[in-house]
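Just below is one structure, and these are the notes that go with it.
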Amino acid sequence: MRPIVCVLLVTTLFSCQTGKNKTVALYNADSLITTQVAYLSQHKARLHKITKLGDIESEAATIPNSVKDWENELDIFRQLESVNKPVNRRLYAVERSSDVKSNLEVKSFIGQPELGKKEVEMPVKYLKVFYQNTPDNIRKIEAQYDESNTLYTGSRFLKMEFQQVYNKTVLTSYSITGGQKMFMGDSVSYNISAFVTIPN
């Protein structure tokens with residue numbers, strides 16, 4: 001009987017320890033993007049994109065051919081996953097409010113870098129999730145992402161909008177607006193506006 005008791009005790013202790021080590025994400029942006037990539041690829045979604053770099057504007061309409069193509073399009077939004085890094089999690093204040101411009105509720109993650117050390121990287125300054133009735137029913141995401149290295153500093157404002165299509169949350173548009181300042185060089189601004197449609 002003793003060996004069985006020992007095995008049960010060790011198993012229980014391991015389970016408790018595993019539970020303690022498991023952390024809950026502030027917001028699982030990675031899972032959201034993976035789901036959207038799979039859905040848009042499967043349904044042959046169309047993409048209409050307007051890009052402006054400085055004074056130069058271009059426009060294109062395409063049907064991304066593969067999961068990889070959609071991954072490339074939406075990969076920048078995976079950067080929002082940095083809010084879940086253990087070193088960053090405690091530096092965000094979580095607030096809930098009603099959107100004054102719509103009937104949506106807002107869950108905001110507001111960065112408070114003063115709570116951390118100077119060497120802590122905290123690229124996502126804020127992340128706002130707009131939803132209807134429940135947090136799972138997303139309508140919009142807004143965020144600011146800053147970055148700096150030895151070559152340049154930059155700031156990006158990211159936005160994604162969603163609708164319910166056959167009881168599924170589906171991306172309908174996104175935009176990326178920002179600028180970069182090169183050290184010992186010029187500044188450049190850019191804007192990408194993209195619209196997604198699902199064929200009938």
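Taking 7 Å steps out from each Cα toward its Cβ at Met184 and Gln132 produces label points 5.3 nm apart. Between the amide H of Thr172 and those of Glu161, Phe162, Gln163, distances stay under 5 Å, these residues lying 5 or more places away or on another chain, with hydrogens modeled in the peptide plane. Rounded to whole numbers, the Karplus 3J(HN,Hα) couplings from phi for region 169-174 are 7, 10, 5, 10, 6, 8 Hz, using 6.51 cos²θ - 1.76 cosθ + 1.60 with θ = phi - 60°, and x at Gly and Pro.
Placing unit charges on C-beta atoms (Lys and Arg positive, Asp and Glu negative, everything else neutral), compute the dipole magnitude of the chain about its Cα centre in debye, rounded to 20.
Values: 25 positive and 21 negative charges, 157 e Å.
That gives a dipole near 760 debye.
With only Lys, Arg, Asp and Glu charged, each at its Cβ (+1 for the first two, -1 for the last two), find how big the charge dipole of region 60-126 is about the Cα centre; round to the nearest 20 debye. Before the final figure, lay out the partial values.
Values: 11 positive and 11 negative charges, 70 e Å.
Roughly 340 debye, rounded to the nearest 20.
Fully extending the segment from Ile198 to Arg46 would add 54.1 nm, taking 0.36 nm per residue of separation and subtracting the current Cα-Cα distance. Other residues whose C-beta falls under 10 angstrom from the C-beta of Ser155 contribute a net charge of +1, scoring Lys and Arg +1 and Asp and Glu -1. Distant-in-sequence amide contacts of Asn137, defined by a placed amide H-H separation under 5 Å and a gap of 5 or more residues or a different chain, comprise Gln132. Evaluated over region 90-200, the count of Lys pairs having alpha-carbon atoms less than 15 Å apart is 11 (only pairs 8 or more residues apart or interchain). Among Ile76, Ser97, Tyr131, pick out the residue whose Cα is farthest towards the positive end of the charge dipole of region 31-137, where Lys and Arg carry +1 and Asp and Glu carry -1 on C-beta, about the Cα centre. My answer, from the dipole projection, is Ser97. Applying the Karplus relation 6.51 cos²θ - 1.76 cosθ + 1.60 with θ = phi - 60° to region 79-89 yields 3J(HN,Hα) values of 4, 5, 5, 5, 5, 8, 4, x, 6, 9, 3 Hz, where x marks Gly and Pro. Between region 54-71 and region 152-168, the alpha-carbon centres lie 15 Å apart. By the helix-only formula, in which each DSSP H run with n ≥ 4 contributes -39500 (n - 2.57) and the sum is divided by residues, the chain has a 222 nm mean residue ellipticity of -7000 deg cm²/dmol.
Backbone geometry of region 134-143 corresponds, through the Karplus equation with coefficients 6.51, -1.76 and 1.60 at θ = phi - 60°, to 3J(HN,Hα) couplings of 10, x, 6, 8, 6, 10, 7, 10, 10, 7 Hz, x marking Gly and Pro.
The mean sequence separation of alpha-carbon pairs under 8 Å and at least six residues apart, normalised by the residue count of the chain, gives a relative contact order of 18 percent.
Any read-out appearing in this document is the output of simple, stated calculations on the displayed coordinates, not a laboratory observation. Please read these numbers as outputs of a predicted model, since none were measured by experiment. Positions of Cβ are generated from backbone atoms using ideal geometry, with glycine treated the same way; all protein chains shown enter the neighbour counts.
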